[in-house]
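Notes follow once the structure below has been shown.
The values are calculated or read from the model by the stated rules, or taken from the named source; none is laboratory data. These figures come from a predicted structure and were not determined experimentally. Methodologically, a virtual Cβ is constructed for each residue, glycine included, from the backbone with ideal geometry; neighbour enumeration extends over all protein chains shown. Quick note on the areas: whole protein, heavy atoms, side chains included, nothing else; ligands and nucleic acids left out. Shrake-Rupley method; radii C 1.70, N 1.55, O 1.52, S 1.80 Å.
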Amino acid sequence: MNAPAKPKLKVATTSLAGCFGCHMSFLDIDERILELMKLVEFDRSPITDIKHCGPCDIGIIEGGLCNAENVHVLREFRANCKILIAMGACAVNGGLPAQRNHLSLPLILEEVYHAQHGLVDGFIPNDPELPLPLDKVHPIHEVVKVDYFIPGCPPSGDAIWKVLTDLLAGREPELGHGLIHYD
Amino acid sequence: MSQDKSFTLDGKTVPYQEGQTIIQAAMAAGHYIPHLCFNPEFKPHGSCKLCTVKANGRQTASCTQQAQPGMVVESDINELNDERRVLLQMLFVEGNHFCPSCEKSGNCQLQATAYELDMMSPHFDQFFPDRPVDASHAEYLLDFNRCILCSLCVRASRDVDGKNVFALSGRGIKSHLIVNAKSGHLADTDFSGSDKAAHVCPVGVILKKRVGFSVPIGQRTFDAQPISATPHPKVKGA
Ligand code: SF4
Ligand code: SF4
Ligand code: FES
């Protein structure tokens with residue numbers, strides 16, 4: 001008799017204060033995604049359009065924290081995922097969005113929505129539906145415990161593949177020269 | 001080989017000349033010990049502590065410790081590499097190191113050393129300090145966000161160029177690099193692109209204007225090979 005099929009691992013992914021570049025890079029694993037689909041099934045992710053993360057084995061976070069909603073989503077992932085991975089520069093150290101950190105938030109909002117040349121009667125959006133921006137942009141490990149990090153802007157498809165396959169094989173992920181990049 | 005003029009580094013015999021430091025002898029013999037403030041062309045500064053090794057069981061900076069006969073030196077061991085990684089993480093969070101937009105990326109010793117030591121995250125909370133750049137000079141830019149206070153520009157300007165354009169000021173966490181001009185601006189000094197100081201920064205602070213990204217990211221020095229396999233040009237073949 002055939003052995004029962006191994007249950008698939010559940011993986012959730014999301015993009016917080018990122019540009020989706022890391023997710024695009026994830027897709028650069030190309031046809032290896034078919035191999036991956038034999039081993040995992042996706043919970044919340046841009047691929048499934050599931051809105052909330054359920055209990056998962058691996059959660060992958062792109063992007064840092066720039067608003068209150070980012071923090072809620074991150075906490076939901078941490079509460080549901082056995083292993084949490086920070087994917088890409090923004091999740092790892094704040095990245096591009098954190099380049100606003102030396103400027104005051106009111107000044108930025110004023111400049112973007114009000115003062116800049118060409119904005120006639122501009123006003124700062126205040127719809128209660130909009131998540132409130134944080135004073136500073138933070139990397140995710142400053143708010144929850146993160147188990148593994150894949151640096152890079154974005155990390156290459158090969159780097160993401162290496163970490164995932166290491167984890168799926170029960171190995172400690174290791175990148176090494178050529179795969180570890182901060183740029 | 002005579003016991004007199006050699007020591008062992010991680011079990012390998014390394015010859016040295018009288019007066020050489022551990023790192024000088026190691027580099028000359030083609031071995032890599034992580035370092036940031038040491039540059040074989042300058043007097044050692046002994047400040048970053050990346051080069052710390054165990055010499056006869058005691059931790060010491062290998063850029064200032066002279067080699068001794070029969071010394072047993074350990075460098076590439078987990079205990080030291082773990083501590084080096086923490087030093088790197090502190091350097092990263094103290095400044096603003098946004099590598100994707102840094103002209104030095106791929107040629108940067110801080111970044112390459114962090115790759116070498118598998119630094120996967122900054123670990124600590126980011127300081128996100130506010131350090132305005134100095135773009136006053138016609139040809140050169142100073143981006144203080146990336147300064148690691150190695151003092152190589154200070155040493156080059158003082159000891160080679162005879163100019164004293166740069167200095168380290170303040171203490172502890174308040175240490176920072178200053179430019180010796182009343183205005184504090186590089187344009188108001190006699191700094192020039194032909195100065196040694198214009199070419200020694202191991203990170204992306206002292207940058208020539210208008211040549212940025214002429215070599216694409218991904219095709220730079222430490223993209224091709226790790227820093228441990230890239231000897232300093234002045235040491236190659238020594
Ligand atoms: S100086 Fe080095 S570590 Fe800092 S941002 Fe530039 S490349 Fe990255
Ligand atoms: S500017 Fe560069 S060379 Fe000068 S102290 Fe800072 S890191 Fe060192
Ligand atoms: S290289 Fe020796 S202390 Fe910096």
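Counting Cβ atoms of other protein chains within 10 Å of each residue's Cβ and taking the mean over peptide B:117-127 gives 6.
Of B:A138, B:A114, B:A25, the residue with the greatest mean-square motion in the GNM of chain B, using alpha carbon springs below 10 Å, is B:A138.
If only the Cβ of Lys and Arg carry +1 and only the Cβ of Asp and Glu carry -1, the dipole of the protein assembly as shown around its Cα centre is close to 1060 debye. Ligands, DNA and RNA left out, the 1.4 Å accessible surface of the protein assembly as shown is 54% carbon and sulfur atoms.
Classification of the stretch B:1-67 by its C-alpha gyration tensor yields a prolate form. The axis ratio a/c (a ≥ b ≥ c) is 1.5 or more, and a/b outweighs b/c. Top mean-square fluctuation among B:G162, B:G95, B:G170, Gaussian network model of chain B, C-alpha springs under 10 Å? Top of the fluctuation ranking is B:G170.
Taken residue by residue and averaged, Cβ atoms of other chains lying within 10 Å of the Cβ of B:97-106 number 5. Gap in Å between the Cα centre of the stretch A:80-146 and the Cα centre of the stretch B:14-36? A separation of 47 Å, based on Cα centres. Packing order of peptides B:33-46, A:70-83, A:124-137, highest average first: B:33-46, A:70-83, A:124-137 (average count of other Cβ atoms within 10 Å over each peptide's residues).
Charge dipole (Cα centre; +1 on Lys/Arg Cβ, -1 on Asp/Glu Cβ; no other charges) of chain B amounts to roughly 400 debye. 3J(HN,Hα) along the stretch A:172-180, derived from phi through the Karplus expression 6.51 cos²θ - 1.76 cosθ + 1.60 where θ = phi - 60°, amounts to 5, x, 9, 9, x, 4, x, 9, 7 Hz, with x in place of Gly and Pro. Between B:H137, A:C90, B:F166, the Cα set farthest toward the positive side of the dipole of the protein assembly as shown (charges on each charged residue's Cβ, about the Cα centre) is that of B:F166. Using the Cα gyration tensor of chain B, with a ≥ b ≥ c the square roots of its eigenvalues, what is the shape: rounded (a/c below 1.5), prolate (a/b larger than b/c) or oblate (neither)? Verdict is prolate for chain B. In whole angstrom, note down how far apart the Cα centers of the stretch B:113-127 and the stretch B:165-184 are. After rounding, the separation between the Cα centres reads 26 Å. The order of the peptides A:97-108, A:171-182 by mean Cβ neighbours within 10 Å, most packed first, is A:171-182, A:97-108. Residue order by solvent-accessible surface for B:S192, A:S45 is B:S192, A:S45, largest first, with ligands and nucleic acids left out and a 1.4 Å probe.
Of the residues B:R210, A:R32, the one with the largest accessible area comes first in the ranking B:R210, A:R32, computed with a 1.4 Å probe on protein heavy atoms.
Put simply, the amide H of A:C56, placed in the peptide plane, has neighbours under 5 Å in A:C81, A:K82, leaving out anything fewer than 5 places away on its chain. Annotation: per residue accessible area for chain A equals 54 Å², rounded to a whole number [probe 1.4 Å, protein chains only].
For the stretch A:125-132, in order, what is each residue's ³J(HN,Hα) by Karplus, 6.51 cos²θ - 1.76 cosθ + 1.60 with θ = phi - 60°, in whole Hz (x at glycine and Pro)? My calculation for the stretch A:125-132 gives x, 9, 4, x, 5, 6, x, 6 Hz in order. Stokes-Einstein diffusion of the stretch B:57-190 at 37 °C, 0.692 mPa s viscosity, Kirkwood radius from Cα pairs, rounded to a whole number: 190 µm²/s.
Among the residues of A:151-160, the average count of other protein chain beta-carbon atoms within 10 Å of the residue beta-carbon is 2. For the pair A and B, the buried accessible area comes to roughly 2100 Å² in total, with a 1.4 Å probe and the value rounded to the nearest 100. Counting heavy atoms of the protein chains alone, B:D223 has an accessible area of about 20 Å² for a 1.4 Å probe. Proximity of backbone amide H atoms, modeled 1.01 Å from N, is registered between B:N164 and B:R158 at under 5 Å, excluding neighbours fewer than 5 places apart on the same chain.
The order of B:T21, B:T8, B:T13 by accessible area, most exposed first and with a 1.4 Å probe, is B:T13, B:T8, B:T21.
Taking the Cα centre of the stretch A:1-149 as origin and assigning +1 to Lys and Arg Cβ atoms and -1 to Asp and Glu Cβ atoms, the resulting dipole is close to 700 debye.
By DSSP, the beta bridges lying fully in chain A are antiparallel in about 15 percent of cases. Note that the stretch B:6-76 presents 43 Å² accessible area per residue, ligands and nucleic acids not counted, probe 1.4 Å.
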